[in-house]
Amino acid sequence: MSAPRPPARSGPVRVGVLGTASIARRRLLPALAACPDTRLVAVASRAPATAEEAAAPYGCEAVEGYGALLARDDVDAVYVPLPAALHAPWVRAALTAGKHVLAEKPLSTDAATTGGLLALARDKGLVLSENVMFVHHARHAEVRRLIEDGAIGDVRAFHAAFTVPRPPDGDIRHSAGLGGGALGDMGVYPVRAALHLLGDGL
């Protein structure tokens, strides 16, 4: 989402994870640990035992508190899988601490805040990216090329749906105070697909 600065050091990107959400445990922690271009340095949680449990399978450090992880000088970038309402404050804190950021979607809960985060990343020469994976898939690049080249004619309408099983009662995605709700959680995918394929002028 923002232009990267040239790498300040060689070797794998040293990554810290702010939180132990299911998506982090199931997908990102294993991927970061397996990738030769990243080194998983630490996992932070408000609860020390939770941080230990998430970090142990990967041999990385468990850190109590997100701020403590951001204060480390052996972390180049952070991944933020916290509830949506907490993305903006912790993304801002990470950028202020000089860390590149990969944050779960949505980047924030309103456009003005998102714009401010992008401006902060740009001013600091840091990478800020929202974790929307499909925009990097080859099939989506090909569909975008076909549309841009006019190979399928003029696109006059776009219909999309994205569904998942209903989260159980008590899940944070049901909590408006944590940025929950269908539009922010699942609606991001069809809206982002429309923007990716048809352009920002929608």
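Just checking, does the range 178-186 include any residue being over 18 Å from residue 104 (Cα atoms), hydrophobic (A, V, I, L, M, F, W, C), outside the structural domain of residue 97 (by TED's automatic domain parsing) and surrounded by 10 or more Cβ atoms within 10 Å (Cβ to Cβ)?
Our first condition is that a residue be over 18 Å from residue 104 (Cα atoms); within the range 178-186, this holds for none.
No; the residues of the range 178-186 include none that is over 18 Å from residue 104 (Cα atoms), hydrophobic (A, V, I, L, M, F, W, C), outside the structural domain of residue 97 (by TED's automatic domain parsing) and surrounded by 10 or more Cβ atoms within 10 Å (Cβ to Cβ).
Six or more apart or on different chains, Cβ atoms under 9 Å: show the pairs whose first residue is in the range 157-175 and assigned to a loop (DSSP other than H, G, I, E, B) and whose second is of a type in the set (Val, Ile, Thr).
Pairs found: 160/191; 162/188.
Across the range 95-143, what is the total count of residues that are in a loop (DSSP other than H, G, I, E, B), of a type in the set (Gly, Ala, Ser) and at pLDDT below 95?
Number of matching residues: 1.
Could you grab me the full set of residues in the range 63-85 that are touching a residue at least 60 places away in the same chain (Cβ under 8 Å) and over 20 Å from the mean Cα position of the chain (by Cα)?
Scanning the range 63-85 gives a single hit, 74.
Yes or no: residue 57 out of contact with any strand residue (DSSP E or B) (no Cβ under 9 Å at 6 or more places or on another chain), at pLDDT 95 or above, not polar (S, T, N, Q) and not assigned by TED's automatic domain parsing to the domain that holds residue 182?
Yes, satisfied.
Are there any pairs, at least 6 apart or on different chains, whose C-beta atoms fall under 9 Å, with the first in the range 122-145 and polar (S, T, N, Q) and the second in a helix (DSSP H, G or I), and if so, which?
131/23; 131/28
Looking only at the range 145-177, count every residue that is among the β-branched types (Val, Ile, Thr), surrounded by 12 or more Cβ atoms within 10 Å (Cβ to Cβ) and within 27 Å of residue 85 (Cα to Cα) and tell me the total.
1
Matching residues to (1) without any contact (Cβ under 8 Å) to a residue 40 or more places away in the chain; (2) out of contact with any helix residue (DSSP H, G or I) (no Cβ under 7 Å at 6 or more places or on another chain); (3) over 24 Å from residue 12 (Cα atoms); (4) not hydrophobic (A, V, I, L, M, F, W, C):
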{"position": "30", "(1), (2), (3), (4)": "yes, yes, no, yes"}
{"position": "34", "(1), (2), (3), (4)": "yes, yes, no, no"}
{"position": "42", "(1), (2), (3), (4)": "yes, no, no, no"}
{"position": "61", "(1), (2), (3), (4)": "yes, no, no, yes"}
{"position": "99", "(1), (2), (3), (4)": "no, no, no, yes"}
{"position": "117", "(1), (2), (3), (4)": "yes, no, yes, no"}
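The values are calculated or read from the model by the stated rules, or taken from the named source; none is laboratory data. Source: prediction; values computed, not measured. Please note: Cβ atoms are built from the backbone with ideal geometry, for glycine as well, and neighbour counts cover all protein chains shown.
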